[in-house]
Amino acid sequence: MRQLIFLSFFRGEFQTMSISVMRIQTIAPLLLLTTTILCSAQSPPAQVTVSFTNRLGALQIDHMALGQGGLSDDPIFSDRVREIRALNPALIRLFIQEYFDLLPEKGRYHFTTLDRCIDTIVATGAKPLMCICFKPRVLFPTINQDIVDPNDYKQWEELIFNLVRHYRDRGAGIRYWEVANEPDIGEDGGCPYRFKPDSYVRYYQHTVSAILRADPEARVGGPALANYRSPILPALLNACDTNNLPLHFVSWHIYNSNPKSVRGTIETVKTLLKEHPKLRPETILDEWNMDLTNPPRDIRYQPCFLSEVLWQMKEGGLDYSCYYHIRDWHVDFDKFKNFMSPNGLAFMARWWNRMPQFDGLFDFQDTPRPSYFAFKLLARLGGERLALDSSNPAIHGFAAHDQTLRMYNVMLWNFSANSNQVELTFSALPKDLRMRHLTLDSQTGSNDENVRLRPDPPAQIKKGDHSLTTTLEPYGVQFWSLE
């Protein structure tokens, strides 16, 4: 008898099976039954409902904002001001690094170079979030990340006072001043400070005193931790609680490809804050992205990932975030050697000049990545949040009513490696509306916006309830506008 080789699908895996020709008639009904069972076992369509009468308050999607890496004294995204303005970020975080040379010599201040970067941020419509992470050679003559106190705190305070007053007088609209960047890891975080809990508290006290003396309306905080569980944060909270030090916000960072891990940092920080109820600082996660040391390689992943993370942030009650970052940029070895050790300099140059980068909304060649277009869709969710319920934990989204433009906007994504069918219901539409539908195409080689954000023909829908069916591909993102 001749033998035939069959492929069978069992428990999610293909297996080989050798059977005789004479047994085919016996086995064929069994194969048909198995196929029927598998088809019927597929997940049912996700039920997603947007309630046009259940309004949840201002969405404030602009609070889910942006940052730029501390890589250069050049205004890194100056030729992309219009594109960033279209994303409508409330804040753009900026590193005040030593390459700005704010104190070239004792008693002389130099703000002209930094002015250009501030002006670029202001031109986007955002307000700068100023991260203080520089060590002037006048006050720190030795390059050593573990020397964190200036040789003269009075001069340091005068420098900070003049810096803050300069931008207050220029009308830059700066509210947030952050004390240090990743002070728990120092040069490995791209900055020349590596603090202990007690030294950070001391430095914080001197620095915020000068900030608030120059601008009593400023909001001060930190510590912009690399590790949100660092003992620096409890030390800061205890000191502020005990000594009535001002603390308007707390900040930290995470790079992790699991959105629930990002959500976990918010929950942990908020639990810690409950131990100090009289402080009530805002929460700012002002650096975040995928795990950039080993990011997922599926180009569809990052746009969907950032959408899911922003949803988790909103659900977790985060006040602000700053996505890291706007544009990738090469490190100038000669600039960084003036304030970093040989080891720190080598690390920075290897990371930025040799390692593949996935950070920026724009790459080294200034080309927009698919993530830029995801942010562009999110930016269209201005106004009041509408209730959006999903039966599938992989399918999340935002819905909002934009009173200014007199339209409704809905964004859905599928944070899953599998396709998912969705039955989407618009409940209680207030009137007849025109509906436009877009699909984010992360895989196309074109950056033509009408190709990246692929439009379907518009359709008219009637007042009341309206249902439609769509398929969200793996890590798929879709958007509906109704006007």
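The values are calculated or read from the model by the stated rules, or taken from the named source; none is laboratory data. Since the model is a prediction, treat every value here as computed from it, not as a measurement. Note: ideal-geometry Cβ built from the backbone for every residue, glycine included; neighbour counts use all protein chains shown. Protein only, heavy atoms only, side chains kept; ligands, DNA and RNA dropped before computing areas. Shrake-Rupley method; radii C 1.70, N 1.55, O 1.52, S 1.80 Å.
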In Å, descending, principal axis extents of the Cα set of the range 224-286:
38, 18, 17
Residues with beta-carbon under 15 Å from that of F358, excluding F358: net charge, scoring Lys, Arg +1 and Asp, Glu -1?
-1
Keeping the other protein chains in place, figure out the carbon and sulfur percent of the accessible area of the range 236-298, with a 1.4 Å probe.
44 percent
Treat each spin label as a single point 7 Å out from the Cα along the C-beta direction, and report the L56 to A387 distance in nm.
1.1 nm
Neighbour net charge for Q312 - beta-carbon separation under 11 angstrom, K R +1, D E -1
0
Ranking I92, P44, T283 by how far each Cα lies towards the positive end of the charge dipole of the chain (+1 on Lys and Arg Cβ, -1 on Asp and Glu Cβ), the top one is P44
Show the residues, 5+ positions off or on another chain, whose built amide H is closer than 5 Å to the amide H of D286.
W252, C322
Can you tell me what percent of all Cα-Cα pairs in the range 400-446 are more than 16 Å apart?
58 percent
Taking H as built 1.01 Å from N, whose amide H comes closer than 5 Å to the amide H of L91, not counting residues under 5 places away?
L66, K127
Can you work out the Karplus-derived ³J(HN,Hα) for every residue in the range 451-468? Use 6.51 cos²θ - 1.76 cosθ + 1.60 with θ = phi - 60°, whole Hz, and x for glycine or proline.
9, 4, 9, 6, x, 9, x, x, 9, 8, 10, 8, 4, x, 9, 9, 10, 8
Using alpha-carbon positions, the gyration tensor of the range 107-164 gives root eigenvalues a ≥ b ≥ c; with a/c under 1.5 called rounded, otherwise prolate if a/b exceeds b/c, else oblate, the class is prolate
What would the Debye formula give as log10 I(q)/I(0) at q = 0.17 Å⁻¹ for the alpha-carbon point model of the range 173-301, no solvent?
-0.89
Binned Cα-Cα distances of the range 144-228, short to long, each 5 Å bin given as a whole percent:
3, 15, 24, 23, 19, 13, 4, 0
Cα Rg, Dmax, the range 162-203, angstrom units
13.5, 35
Put +1 on the Cβ of every Lys and Arg and -1 on every Asp and Glu Cβ in the chain; which of G464, Q443, N420 then has its Cα farthest towards the positive end of the dipole?
G464
Under Stokes-Einstein, the range 63-205 at 20 °C and 1.002 mPa s, with its Kirkwood radius over C-alpha pairs, diffuses with a coefficient in µm²/s of 136 µm²/s
Give the shape of the range 233-366 as rounded, prolate or oblate, defined through the alpha-carbon gyration tensor: a ≥ b ≥ c are the square roots of its eigenvalues, a/c under 1.5 means rounded, and otherwise the shape is prolate if a/b is larger than b/c and oblate if not.
oblate
Within the chain, helix-based [θ] at 222 nm, where runs of 4 or more DSSP H residues each add -39,500 (n - 2.57), nearest 500
-9000 deg cm²/dmol
For the range 417-474, just say rounded, prolate or oblate: build the C-alpha gyration tensor, square-root its eigenvalues into a ≥ b ≥ c, call rounded for a/c under 1.5, and beyond that prolate if a/b exceeds b/c, oblate if not.
oblate
In Hz, Karplus ³J(HN,Hα) per residue of the range 323-337 (6.51, -1.76, 1.60; θ = phi - 60°; x = Gly, Pro)
5, 9, 8, 7, 9, 6, 7, 7, 7, 8, 3, 5, 6, 6, 5
Enumerate by residue number the trypsin sites (Lys or Arg not before Pro) in the range 214-295 meeting two conditions: DSSP loop (anything except H, G, I, E, B), and at most 10 other Cβ atoms within 10 Å of the site's Cβ.
K274, K278
Under a 5 Å amide H to amide H cut-off, with H placed in plane at 1.01 Å, what residues pair with D441 once short-range neighbours are removed?
L453, R454
Using Stokes-Einstein with the Kirkwood hydrodynamic radius over Cα pairs, what translational diffusion coefficient do you get for the chain at 37 °C and a viscosity of 0.692 mPa s, in µm²/s rounded to a whole number?
132 µm²/s
With r defined as the distance between the Cβ atoms of F333 and N418 and R0 fixed at 35 Å, what FRET efficiency is calculated, to the nearest 0.05?
0.15
With +1 on the Cβ of every Lys and Arg and -1 on the Cβ of every Asp and Glu, the dipole magnitude of the chain about its Cα centre, in debye rounded to the nearest 20, is 860 debye
Under Karplus coefficients 6.51, -1.76 and 1.60, residue-wise ³J(HN,Hα) of the range 132-146 in Hz, glycine/proline x
7, 8, 10, 9, x, 4, 4, 9, 9, x, 9, 7, 7, 4, 8
Which whole-number percent is the relative contact order of the range 218-357 (Cα, under 8 Å, 6+ apart)?
23 percent
